[in-house]
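**Student:** Structure below; questions to follow.
The values are calculated or read from the model by the stated rules, or taken from the named source; none is laboratory data. This one's a predicted model, so the numbers in the text were calculated from it and none came from an experiment. Neighbour counts are summed over all protein chains in view; Cβ atoms, including those assigned to glycine, are modelled from backbone coordinates with ideal geometry. Please note that ligands, DNA and RNA were not included when accessible areas were found on the heavy atoms of the full protein model with its side chains. Shrake-Rupley method; radii C 1.70, N 1.55, O 1.52, S 1.80 Å.
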Amino acid sequence: MHKLITTGTVLEHELSELRSLIERQTGIVLDCPNSAMAAHVAEFIEAQELGSSSTLLERLRSCEQDPARLPALLDGLINTNTGFFRHPGALNALTRQVLPQLFTRKSADGLNPLRIWSAGCATGEETYSIAMAVCDAVSNSAANNSASSNGGNTNGSGKAAARSGGIVDSAPSKNIAANLAGLTIHIVGSDLLPQNIEAADRGVYPQSALDGLPPASIRNHFSKISSPAILPVEADDEDQSAGRDDSRYDGRYEAKQRSGSQSAPANGAHLLVKPRLRSMVTFNCMNLARPGYIGRFDCIFCMDVLPQLSRAQRIALLERLHLYLEPGGYLFLSQTEKLSAPNLNFRSETFDGYTFHRKPLAASAAYGR
């Protein structure tokens, strides 16, 4: 006879099968206790009006029949670690070491688009942090070039740099601003959970989420709004004066809010990502255990994802990320993560204490390019 767990509605063997289904279909190994999982599953069954755990299992056994059911179940079960500039070492290496190399190479190749993937982006903070870091690095490079050409002193920015982990106020190269002219930058953020992608696409965050970032950077990239339910529909003055057509983004925000398809806490001040930054970013749902091919990338950020996966899925994902990198492209992992697929052709590099991984330019022949 099977023992009942907590709610009296979910059996132990059903929880075991759910864990196996989740691992098989997403690669994720859940570390929550059975009691917490049983309570979550019981609430989900009631909310979805499924009637019983056996009905839920029947639908999950074939994701092709109901592909949205599994991500909906996982909401609240997966540990989501997110925040702006959570990995300053990685962004510091990106802006000061990697971007100068990529800009130089792409300038020689005729300014091909620069593509960056934020894999497992949660609610978008990491993706927007990458975009902010790139924009601020270019702006600081241009400012330093101007100050240098006028005999000015560019020192004295250390205080703000320290507050942001050295990201916002570090100048990667005197030539980046010139190289960036005409270079298209596209950043893709992907996550398994549709509700995370909806929040990222909305681009609205409580002001407290950006505590600790330099005020100038916040002003450059966000507009303050009194309530997430009331969003501005006009572009900010800078974007209008630059001649950008961002109405497609603002109109989408307004339509979503009016339809009630998005929700956010109504208390306190919130910040809305400005259209100029938002235009650099695209978000989509993706199961990293079964990813759709979305092209090759110059940089891939996959932070805090690998520890949630089984060993087999970690190796499989690293192989796919290697394949999706352009020759000479860069893979960024959190500092606590190691490459668990030693046979892959990566070259580890270190900048200012942070280690990242480069796919050699000659790696293309062996991996099907």
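**Student:** Scan (1) within 20 Å of A133 (Cβ to Cβ); (2) in a helix (DSSP H, G or I) for the single condition P307 breaks and write down its number.
**Tutor:** All conditions pass for P307, except number (1).
**Student:** Going residue by residue through region 354-369, is there one that turns out to be of a type in the set (D, E, K, R), surrounded by fewer than 16 Cβ atoms within 10 Å (Cβ to Cβ) and at pLDDT below 90?
**Tutor:** Yes, some residue in region 354-369 is of a type in the set (D, E, K, R), surrounded by fewer than 16 Cβ atoms within 10 Å (Cβ to Cβ) and at pLDDT below 90.
**Student:** I'd like the full set of residues that are part of a helix (DSSP H, G or I) and open to solvent by 10 Å² or more (accessible area, probe 1.4 Å), limited to region 210-220.
**Tutor:** Once the filter is applied, which keeps residues that are part of a helix (DSSP H, G or I) and open to solvent by 10 Å² or more (accessible area, probe 1.4 Å), region 210-220 yields P215, A216, I218, R219, N220.
**Student:** Still on this structure: Among the candidates I315, I300, I294, single out the residue that is crowded, with 23+ Cβ neighbours inside 10 Å and either touching a helix residue (DSSP H, G or I) at 6+ places or on another chain (Cβ under 7 Å) or β-branched (V, I, T) (or both).
**Tutor:** I300
**Student:** Tell me whether region 272-279 contains one or more residues that are assigned to a strand (DSSP E or B) and either modelled with pLDDT of 90 or more or in contact with an Asp or Glu (Cβ under 9 Å, 6 or more places away or on another chain) (or both).
**Tutor:** Yes.
**Student:** Can you tell me which residue is farthest from L210 (Cα to Cα) among those in region 79-122 that are open to solvent by less than 30 Å² (accessible area, probe 1.4 Å) and part of a loop (DSSP other than H, G, I, E, B)?
**Tutor:** Among those residues, the one meeting the criterion is G120.
**Student:** With open to solvent by less than 20 Å² (accessible area, probe 1.4 Å), small (G, A, S) and modelled with pLDDT of 50 or more as the only criterion, which of A289, A269, A235 stands out?
**Tutor:** The unique qualifying residue is A289.
**Student:** Still on this structure, please answer the following. If I go through region 332-352 residue by residue, how many of them are farther than 18 Å from D304 by Cα, open to solvent by 90 Å² or more (accessible area, probe 1.4 Å) and either in a loop (DSSP other than H, G, I, E, B) or of a type in the set (G, A, S) (or both)?
**Tutor:** Final tally of qualifying residues: 3.
**Student:** Within region 16-35, can you find the residues that are under 25 Å from the mean Cα position of the chain (by Cα), in a helix (DSSP H, G or I) and of a type in the set (D, E, K, R)?
**Tutor:** Passing the criteria: E23, R24.
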